[in-house]
1. What full-extension length gain, to one decimal in nm, is calculated for ARG203 and ARG55 as 0.36 nm per residue of separation minus the Cα-Cα distance?
2. Convert each backbone phi in the stretch 102-111 into a coupling constant with the Karplus relation 6.51 cos²θ - 1.76 cosθ + 1.60 (shift: θ = phi - 60°), then list the ³J(HN,Hα) values in order as whole Hz, x for Gly and Pro.
3. Please give me the summed charge of the neighbours of ARG136: other residues whose Cβ is under 14 Å from its Cβ, Lys and Arg +1, Asp and Glu -1.
4. Which value, in debye to the nearest 20, gives the size of the charge dipole of the chain about its Cα centre, when Lys and Arg are +1 and Asp and Glu are -1 at the Cβ?
5. With unit charges on the beta carbon (Lys/Arg positive, Asp/Glu negative), name the residue among PHE81, VAL29, MET140 whose Cα is farthest towards the positive pole of the charge dipole of the chain.
6. Please work out whether the stretch 79-221 counts as rounded, prolate or oblate from its C-alpha gyration tensor, where a ≥ b ≥ c are the square roots of the eigenvalues and a/c under 1.5 means rounded, while otherwise a/b larger than b/c means prolate and anything else oblate?
7. Net charge around TYR51, counting only other residues with Cβ within less than 10 Å of its Cβ (Lys, Arg = +1; Asp, Glu = -1)?
8. Based on the Cα gyration tensor of the stretch 21-80, what are the three equivalent ellipsoid semi-axes, each the root of five times an eigenvalue, rounded to whole Å and given largest first?
Amino acid sequence: MTPAVQALAKLSFFARFDENILQEIASYVSERTFQAGQTIISEGDLCQAVYFVARGVVRIWRSSLEGREHILAYLGPGEPFNLVPALDGKPNPATVNALTDVTLYTIPCERCHQIMYDHHEVALAVLERLAAEVRRLSDMVEDLALHPVRARLARFLLNQVSSPQPSRHWTQEDIAAHIGTVREMVGRTLRDFASEGLIRRERGRIVVVNRERLEREATGG
């Protein structure tokens, strides 16, 4: 197994494919690196490639005409992005930037089409990935439509406490973009949570004080 094939095989998206398929895919792959904060693709640009995260974390987001941002996803190693415009030929639907220093494997759009045409295993993997994205985005729409900011913020705080990954510094603007509101609403709700004894501020960090009550808030109880 060549080094290029070994590198692909370590990523979850490619792990199911046999060596022959991986060898063919590897012949079309280019490696690119981006520093934290750099834009990888921009919303509205023509699609150039499909990307697979090899190392690091990327952030996918869209902005409104008023300039408000909404986070669609954070993706880590093994996860692909830009599949939809590669399939339908339309512009990139979102902006993607590097949250950390990242290494990406890229495959030109036309090569992706050919690989999927030649190998049904690859086409099936893409379909499964898109199906998972539809479910995740449907849950996101439901959350935004049916749950108030208090519930969404409570759920965000609980997820941060439960996450196995090291906690990063979240600004109120970051949190607002993540849960679909504005910074002022996040600040006001955090102050309410603090005054009600659910959380406390500690050297710039948010500490959950009353998890049970915060869980009730998260479910609208």
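The values are calculated or read from the model by the stated rules, or taken from the named source; none is laboratory data. From a predicted model like this one, the values you see are computed outputs, not experimental measurements. Because the Cβ atoms are built from the backbone with ideal geometry, glycine has one as well, and the counts that use them run over all protein chains shown. Heads up: the accessible areas ignore ligands, DNA and RNA and are worked out on the full protein's heavy atoms, side chains in. Shrake-Rupley method; radii C 1.70, N 1.55, O 1.52, S 1.80 Å.
1. Residue separation times 0.36 nm, minus the Cα-Cα distance, leaves 50.2 nm.
2. 10, 10, 10, 9, 10, 10, x, 4, 5, 5
3. Local charge sum for ARG136: -4.
4. Working: 26 positive and 28 negative charges, 211 e Å.
Using Cβ point charges on Lys, Arg, Asp and Glu, the chain gives about 1020 debye.
5. Of the candidates, MET140 comes out farthest on the positive side.
6. Working: a/c = 2.72, a/b = 2.28, b/c = 1.20.
Prolate, because a/c is 1.5 or more and a/b exceeds b/c.
7. Values: positive: ARG32; negative: GLU79.
Net local charge, TYR51 excluded: 0.
8. Working: eigenvalues 132, 36, 22 Å².
Semi-axis lengths for the stretch 21-80 are 26, 13, 10 Å.
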